[in-house]
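Asks: Sharing a structure here in structure tokens format.
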Amino acid sequence: MELKLLVKNTSYLVATRIAMFLVGIIRNKLIAIFLGTIGAGIIAQLSTIVQQMSSFTLMSVNDGLVKQIAEDRDSKDFVNKLAYLLKSYSAIIASLTALCLIFLFIFSKEITVYVFGDIKYYNYYIIGLISFPVLIINSISFALLKGHKEIKYIARSELIVTVCNFIFFVPLIYFWGITGAVIFVPLSLLTILIVNNYYARVKIFKRYSLLTKDIFSASINKKAIKELFVFAGVGLTAGVSVIVSEIACRSIVVTKLGIDQIGIYSPLIAWAGLFTGFILPSVSTYLYPRFSEAKSNEEVSGVLNDVLRLVSFLMIPVLFLSIPIRYQIIPLFYSKEFISAGIYLPWHFIGILFNLWMYPLALVLTPTGRIKTYGVLVFIMSILNFAVVYYFVPLYGLYGWMLKFLISPILFFVFYFYYLRKEINFRIENRNKYIMIYTLVISLLIIAIEKYLKSDYKINLLIGVFFTGISFRFLSNSERNLLVSKLKTGKKNDKKDNL
């Protein structure tokens, strides 16, 4: 039953993610043509710093709001609770945003040099600085939709945003080059805010007849504030460690190798985001409130097993088919300037696999009351990422940058597994062990065949197709029936859901 719910919620995002994938490919191709590796590096740095600044400012308080909504939404007086939850949340993030803006403006020139490697990019940093509060405000609408598991409307929102932002992006980059691409960053975030706010009002506020003035007139609840401050405290240490580690790691690459090298590697970051974008948003949006509702360790373990099974099957074609043809698709979707990124793709994608296995395990901690442990582990992971980049980039160049995306996911997947095994008696079911081992072993086999047998990419692609087909043998009869049924009736079900 749980797997069906996972598949259903994931399927809501399929059309959206396909659209985002295609638009992302076209957008990255345009960046490659009009901006080159340096322009791609600048945009990658700007997007990263905006995301990191917003994540740091939120300090995981948004996760606390989602948890509170998920736990209380079935209570009789939830309308009043929702009003004071939103009031309490808004009071905290308004204060944090003001403090962060002051700090980031005072040290703006130093941060510009640190992030971009040159003060001439100062104006780009300022644009990023005024952009990130938009993401902070958007966190309210998104938390409302996520806390109510409104995945269908999150998917619709993302589809509308994708189409609108692409319409904005093309003329901006064509007429104004890098400047247009930089202007696109705050414009795209504003679009997200507008659309998410609309759906939050229509689907949540309207449902409870809640008005904005009700939130302003609500009292700030001490219990809600206290719980949110627990998230903020952990988010402070974890958030600082993540943003410092990420910016420091990128600064090392820029300083030692040049900003163009960040650009060369950008196809892998972009594709990783596109591929995991099929999986993580639906998994996260569904699982966080689901774990908050869970009544027993057995229930949590069952959900985890279904997620591990689902993500393993989803990653099989990504790994088996992309590794053989990477040198053909990189110039097609970018340009020949980026072709050396193919050297690092196989192991980067192996890192994605372990990250997808690790992610649901890590997601258990916060909604089940283990947020402090999660904060400590995020802090340790940030230190490890920095240590890997600091040591290996000067020695091995972009290989050292690649190892950041490989070593941490492997080590922390193993750690989270044994931690949950001790805490909640978590076990990976045998049927899931088989598919996970198969996915990893065949991926390594395809890499080895290419490296040691020097076979043509067409032969390697056929091998990947063959093993992708074999993987269907791991599906149970009920899962095969579910897959066939979903393919046949998916459109009909969507129409019924819309009525």
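The values are calculated or read from the model by the stated rules, or taken from the named source; none is laboratory data. Keep in mind it's a predicted model, so treat the numbers as computed, not measured. Backbone-built Cβ (ideal geometry, glycine too); neighbour counts: all protein chains shown. With ligands, DNA and RNA removed, areas are computed over all heavy atoms of the protein, side chains included. Shrake-Rupley method; radii C 1.70, N 1.55, O 1.52, S 1.80 Å.
Asks: So if I take the centroid of the Cα atoms in the range 304-365 and the same for the range 100-138, what is the distance between those two points in Å?
Replies: 31
Asks: Using mean projected area of the Cα convex hull in nm² as the read-out, say which of (i) 23.2; (ii) 29.4; (iii) 24.8 was calculated from these coordinates.
Replies: (i)
Asks: So, one more: What stretch of the chain, leaving out the sites themselves, is the longest with no trypsin sites (Lys or Arg not before Pro) in a DSSP loop having at most 15 other Cβ atoms within 10 Å?
Replies: Details: sites that count: Lys76, Lys295, Arg427, Lys454.
Here the longest run is 77-294.
Asks: Related question: Once every DSSP H run of n ≥ 4 in the chain is given -39500 (n - 2.57) and the sum is divided by its residues, what mean residue ellipticity at 222 nm do you get, rounded to the nearest 500 deg cm²/dmol? Walk me through the intermediate numbers first.
Replies: Details: 20 runs with 422 residues, N = 499.
When only DSSP H runs of four or more count, the value is -29500 deg cm²/dmol.
Asks: Determine the gain in length on full extension of the stretch Ser95-Val414; use 0.36 nm per residue of separation and subtract their C-alpha separation, reporting nm with one decimal.
Replies: Details: separation 319, 0.36 × 319 = 114.84 nm, distance 3.79 nm.
Extending this stretch completely gives an extra 111.0 nm.
Asks: OK, next. At 1.4 Å probe size, with the rest of the protein present, what percent of the exposed accessible area of the range 94-138 is carbon and sulfur atoms?
Replies: On the way: 1790 of 2400 Å².
For the range 94-138, the apolar C and S fraction of the accessible surface comes to 74 percent.
Asks: Could you report the chain's accessible area per residue, 1.4 Å probe, as an integer in Å²? If you can, show how the numbers build up before the last one.
Replies: Numbers: 22620 Å² over 499 residues.
It amounts to 45 Å² per residue over the chain.
Asks: So for the pair Thr255, Glu71, with labels modelled 7 Å out along Cα→Cβ, what separation do we get in nm?
Replies: Each label point is offset 7 Å from its Cα along the Cβ direction, giving 4.3 nm.
Asks: Answer rounded, prolate or oblate for the range 351-442, using the Cα gyration tensor with square roots of eigenvalues a ≥ b ≥ c: rounded when a/c is under 1.5, else prolate when a/b is larger than b/c, else oblate. Don't skip to the end; give the middle numbers.
Replies: Details: a/c = 3.17, a/b = 1.32, b/c = 2.40.
In terms of gyration-tensor shape, oblate.
Asks: First compute the accessible area of the range 176-253 with a 1.4 Å probe, then give the percent of it belonging to carbon and sulfur atoms.
Replies: On the way: 2690 of 3890 Å².
C and S atoms contribute 69 percent here.
Asks: Using 0.36 nm per residue, how much length does the chain from Glu423 to Arg207 gain when fully extended, once their Cα-Cα distance is taken away?
Replies: Details: separation 216, 0.36 × 216 = 77.76 nm, distance 3.84 nm.
So the extension gain works out to 73.9 nm.
Asks: So how strong a dipole does the chain carry about its Cα centre when Lys and Arg Cβ are +1 and Asp and Glu Cβ are -1, to the nearest 20 debye? Provide the component values of the computation, followed by the final result.
Replies: Details: 50 positive and 26 negative charges, 230 e Å.
The dipole of the chain has a size of about 1100 debye.
Asks: Okay, next question. Which whole-number percent is the relative contact order of the chain (Cα, under 8 Å, 6+ apart)?
Replies: On the way: 596 pairs, mean separation 109.8, N = 499.
Computed value for the chain: 22 percent relative contact order.
Asks: Could I ask something else about it? May I ask you to give the percent of accessible area on the range 435-483 that is carbon plus sulfur, with a probe radius of 1.4 Å? Spell out each step's value before the answer.
Replies: Numbers: 2180 of 3060 Å².
Looking at the range 435-483 in its full context, I get 71 percent from C and S.
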